[in-house]
Amino acid sequence: MIGPQFPSWLQTQSNISHIDLSYSGISDTIPTWYFNTISSLRYLNLSFNQIEGTLPNIPLPSNHSPVVDLSSNQFHGHIPLNSLFNANMLNLSNNTLKGFDPLFCNSLLDHGTLKILDLSNNQLFGNLPDCWFRLQNLIFLNLHNNRLFGVIPNSISSLYQIQFLDLRKNNFSGTLPSSMMNCTHLIFLDVGENNLEGTIPMWIGETLTILLILQLKSNNFHGSIPSTLCHLQYIQILDMSHNNIHGPIPSCINNFTTMVELSVISDSVDAVIYHNDLLSSLRYLINALVTWKGKEYTFQKYLGLLRIIDLSSNRLIGDIPMELTNLVELVQLNLSRNNLSGCIPENIGNLSKLEALDFSHNNFTGKIPIGLGEVSFLQYLDLSYNHLSGSIPTGTQLQSFDASSYVGNDKLCGLPLLIKCPGDHNPILKEDDPHDSNFDDQRWFDMSWFYVGLEVGIALGFIGVCGALYRNSFLLDACLCLGCFNQFGDWLYVVINI
């Protein structure tokens, strides 16, 4: 740890090109003498400290286009019109900045070198400035989680090179400006959690054809899903949940090639790779807020591995198109809280990489397909509150889920539900009751055959003995003596009565 003050030895350094004081425990304001050390600066990182005050007018050299990271501090006030915009990358995220300089659009600001601008997680308030043509070389613009409102300005379409645009968690209203169809290099578009309205523009699928991630969730979009969205063959995450979208799910959904075919993929998504004089290349990784297994998570490192469709909490109707089961690379599918009907497709087991499946709160009927139990990676399942019937397939992992995954299906039975299916009751053999009036008769009937057999056996044995004695006259004479015969007769009488 270097802080809490800026290190004084920096005052003697006049030709520094690379300064990294991130995670240094500095809670000071930036001293004025500090600016004398950065005349040839190409990389400045003061992130993850507690540096206070307003953003200073740092005299960045325009000929070097440095990288500047002042994120995760306690800077407040307006974003000034100064040479900060001479940077190649400017990261001011995770501070308490309140807004843009009032003269932002009236200035002579024209910084074509700025390619990455991250203002996310601040307290920016008011309308978004309508002069983005001055920063038309931007490749990355992140305004996520601020308090901006009003319509999205048309000048946003001047960002012809934009690849990453995140406007999520603001209060933007109106429709998506049609001029955005000019942003044909977009690979990431997130306008979720605003107050946008209108139908989902057809031009998204017609001109933004290289989109990897499209998030429109939690707005007021209505109308049906345009079939042109099926042109998004590279789409990896499609989230249109929590809107008022109605109509069927387009059957052309299997045109999402990246969800159908196994391809060579990266575990992350790069916003851009750019060059400067100091470093041969720098990667600015995209991070995205994703609803995963019912909870929101921020993904960055493994974002490129996700294949997600979330159409939940709308007013969709009709059957699940059979073509959807061709999306064998899907890892999460959420169609919950709609008005979908029909049976769950028999070949749902084709989605062998699914880790999360939510069909709850619909009108599905019929049985749970046996193939669903063969999806070995499945960790999250919710089929509750439908009209499913029959037994939950046994001998599969479907019994490992909690009963809450199946509740609200009155005709569904079998474990883990407490409702037993017909035929599940094993017959119980009735034990003999000594008080039963038939008990003695039954016992006698069974024992009588034992005694009859015993008597026959003894008689046959006696005849055999006598036959042997007959052949030996001496023994026969001896045996016929009265005493010997009487003793044998007494023995035979006792055995028979026992």
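Worth pointing out:
- Selection status of SER173, touching a strand residue (DSSP E or B) at 6+ places or on another chain (Cβ under 7 Å) and not basic (Lys, Arg): yes
- Residue in the range 305-328 that is of a type in the set (Val, Ile, Thr), assigned to a loop (DSSP other than H, G, I, E, B) and within 18 Å of ILE253 (Cα to Cα) present: yes
- The numbered conditions (1) at pLDDT 95 or above; (2) farther than 23 Å from GLY294 by Cβ; (3) part of a helix (DSSP H, G or I) are all true for SER341 except (3).
- Taken over the range 196-221, the residue count meeting the criterion of being small (Gly, Ala, Ser) and within 16 Å of PHE172 (Cα to Cα) is 2.
- Residue that is least open to solvent (accessible area, probe 1.4 Å) [pool: residues in the range 161-173 that are under 10 Å from PHE149 (Cα atoms) and not in a loop (DSSP other than H, G, I, E, B)]: PHE172
Residue-wise test of (1) outside any loop (DSSP other than H, G, I, E, B); (2) open to solvent by 10 Å² or more (accessible area, probe 1.4 Å); (3) in contact with a His (Cβ under 9 Å, 6 or more places away or on another chain).
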position: SER72; (1), (2), (3): no, yes, no
position: SER93; (1), (2), (3): no, no, yes
position: GLY99; (1), (2), (3): yes, no, yes
position: ASN121; (1), (2), (3): no, yes, yes
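- The range 53-70, subset in a loop (DSSP other than H, G, I, E, B) and in contact with a strand residue (DSSP E or B) (Cβ under 8 Å, 6 or more places away or on another chain), residue farthest from ASP101 (Cα to Cα): PRO66
- The range 393-410, residues that are surrounded by 19 or more Cβ atoms within 10 Å (Cβ to Cβ), at pLDDT 95 or above and either over 21 Å from the mean Cα position of the chain (by Cα) or aliphatic (A, V, I, L, M) (or both): ASN409
- Qualifying residue in the range 416-428 (condition: at pLDDT below 95, open to solvent by less than 30 Å² (accessible area, probe 1.4 Å) and aliphatic (A, V, I, L, M)): yes
- Filtered residues of the range 74-87 (kept if of a type outside the set (Ser, Thr, Tyr) and open to solvent by 10 Å² or more (accessible area, probe 1.4 Å)): GLN74, HIS76, GLY77, HIS78, PRO80, LEU81, ASN82, ASN86
- Qualifying residue in the range 129-143 (condition: part of a helix (DSSP H, G or I), open to solvent by less than 10 Å² (accessible area, probe 1.4 Å) and of a type in the set (A, V, I, L, M)): yes
- Members of the range 18-55 found to be open to solvent by less than 40 Å² (accessible area, probe 1.4 Å), more than 15 Å from ASP69 (Cβ to Cβ) and over 42 Å from the mean Cα position of the chain (by Cα), listed by number: PRO31, TYR34, THR37, SER40
- Selection status of GLY112, surrounded by fewer than 20 Cβ atoms within 10 Å (Cβ to Cβ), free of Cβ contacts under 8 Å to residues at least 60 places away in the same chain, in contact with a Leu (Cβ under 9 Å, 6 or more places away or on another chain) and in a loop (DSSP other than H, G, I, E, B): yes
- Pairing residues of the range 155-167 that are modelled with pLDDT of 95 or more with residues that are in a loop (DSSP other than H, G, I, E, B) and open to solvent by 10 Å² or more (accessible area, probe 1.4 Å), at Cβ distances under 6 Å and at least 6 apart in sequence or on separate chains, gives ASP166/HIS144.
- Scanning the range 367-396 for residues that are more than 16 Å from ASN334 (Cα to Cα), of a type in the set (A, V, I, L, M, F, W, C) and in a strand (DSSP E or B) yields a count of 1.
- There is at least one residue in the range 205-222 that is at pLDDT 95 or above, in a strand (DSSP E or B) and surrounded by fewer than 20 Cβ atoms within 10 Å (Cβ to Cβ).
The values are calculated or read from the model by the stated rules, or taken from the named source; none is laboratory data. From a predicted model like this one, the values you see are computed outputs, not experimental measurements. As a convention, Cβ positions derive from the backbone with ideal geometry for all residues, glycine included, and neighbour counts pool all protein chains shown. The accessibility values were calculated without ligands, DNA or RNA, using every heavy atom of the protein model including side chains. Shrake-Rupley method; radii C 1.70, N 1.55, O 1.52, S 1.80 Å.
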